[in-house]
Amino acid sequence: MSRMFYVYTPPGYESGQQKYPVLYLLHGNGQIESSWTWTGRANVIMDNLLADGKVKPMIVVMPYGHIPREIKPDPTASASPLAIEKELLDGVRPEVEHKYRVLTDRDHRAIGGLSMGAAQSLSIGLHNLDQFAYVAAFSGGGNRTEWEKADPALLNKKLKVLWIGCGTEDPGYKSVKAMDDLLTGKKIKHVFNESGGGHSWPNWQVYLSKYAPLLFQ
């Protein structure tokens, strides 16, 4: 079935010929592909970071993450990471690379997401180290069993940035901190951003503003 995805392009895109790196930015459970712009103001955050000279110009792609089911704001339910992984890699990415001027190598491709999208990003990034050099999880933990089995040397070689952030008042804080502890114990290089606040947009907006400047340097 047809599904939409939102695309942010940096100032000057329409009049130029330059090719840009890509950040795939995933939403949370109960949200939709427009949430990162309508509520999260990702476009405004990126414009401001660019105006301040803090980020490299990039394209940000925001797909719909509830696959295969319809949206259900049920905190106990989540979309399958494998389903969104297949759609992102086999459906969304080829469409983006066909219709937009983007760089197509792994060093110019990043992924990140909030809550449900955080788990999806960690899963997709781990499964596809040949395609993503940057991975971020905002207020969400990954499958620790999978990460426990992962090769630290390979992860440290492949991932230029592995970024995790969570608020101490977030209901999922313990799970996210456990992921941080696991990565630290295995000597996997990563950034752990502990902040105040809970499971909310003010945190996710700040996390995006901290993650984006680390990309494609």
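The values are calculated or read from the model by the stated rules, or taken from the named source; none is laboratory data. Keep in mind it's a predicted model, so treat the numbers as computed, not measured. Counting neighbours? That spans all protein chains shown, and the Cβs are built from the backbone with ideal geometry, glycine included. Please note that ligands, DNA and RNA were not included when accessible areas were found on the heavy atoms of the full protein model with its side chains. Shrake-Rupley method; radii C 1.70, N 1.55, O 1.52, S 1.80 Å.
How fast does region 168-216 diffuse by Stokes-Einstein, in µm²/s, taking the Kirkwood radius from C-alpha pairs at 20 °C and 1.002 mPa s? In µm²/s, the coefficient is 179.
Using a/c under 1.5 as the rounded threshold, could you call region 129-217 rounded, prolate or oblate? The axes a ≥ b ≥ c are square roots of the C-alpha gyration tensor eigenvalues, and prolate needs a/b larger than b/c, oblate otherwise.
Numbers: a/c = 2.35, a/b = 1.30, b/c = 1.81.
It comes out oblate by the Cα gyration axes.
Measuring between their Cα centroids, region 169-190 and region 7-34 lie 28 Å from each other. In terms of packing, defined here as the mean over residues of other Cβ atoms within 10 angstrom, the peptides 28-38, 107-117, 175-185 line up highest first as 107-117, 28-38, 175-185.
For region 1-61, the equivalent ellipsoid derived from the Cα gyration tensor has semi-axes of 22, 15, 9 Å, listed largest first. Among the DSSP beta bridges whose two residues both lie in the chain, what percent are antiparallel, rounded to the nearest 5? So the antiparallel bridges in the chain amount to around 15 percent.
Here the simple spin-label model places points 7 Å from the Cα toward Cβ, and for GLN131 and LYS186 these points are separated by 2.0 nm.
By a 1.4 Å probe calculation restricted to protein chains, VAL55 has an accessible surface near 20 Å², given to the nearest 10. Considering all C-alpha pairs of the chain, those separated by over 29 Å amount to 19%.
How large, in percent, is the carbon and sulfur part of the accessible surface of the chain at a probe radius of 1.4 Å?
Carbon and sulfur atoms account for 53 percent of the accessible area of the chain.
Which whole-number percent is the relative contact order of region 78-217 (Cα, under 8 Å, 6+ apart)? 20 percent.
With n ≥ 4 as the cut-off for DSSP H runs, can you work out [θ] at 222 nm for the chain, using -39500 (n - 2.57) per run divided by the number of residues, rounded to the nearest 500? Kindly include the intermediate steps, with their values, before the conclusion.
Values: 9 runs with 77 residues, N = 217.
Helix-only estimate at 222 nm: -10000 deg cm²/dmol.
Centre-to-centre, using Cα atoms only, region 143-159 and region 83-123 are separated by 19 Å. Ranked by the mean number of other Cβ atoms within 10 Å of their residues, highest first, the peptides 1-14, 136-149 come out as 136-149, 1-14.
I'd like to check one number: the per residue accessible area of region 103-217, probe 1.4 Å, reported in Å² as a whole number. Intermediate values should be presented prior to the final figure.
Numbers: 4600 Å² over 115 residues.
Normalised by residue count, the accessible surface of region 103-217 is 40 Å².
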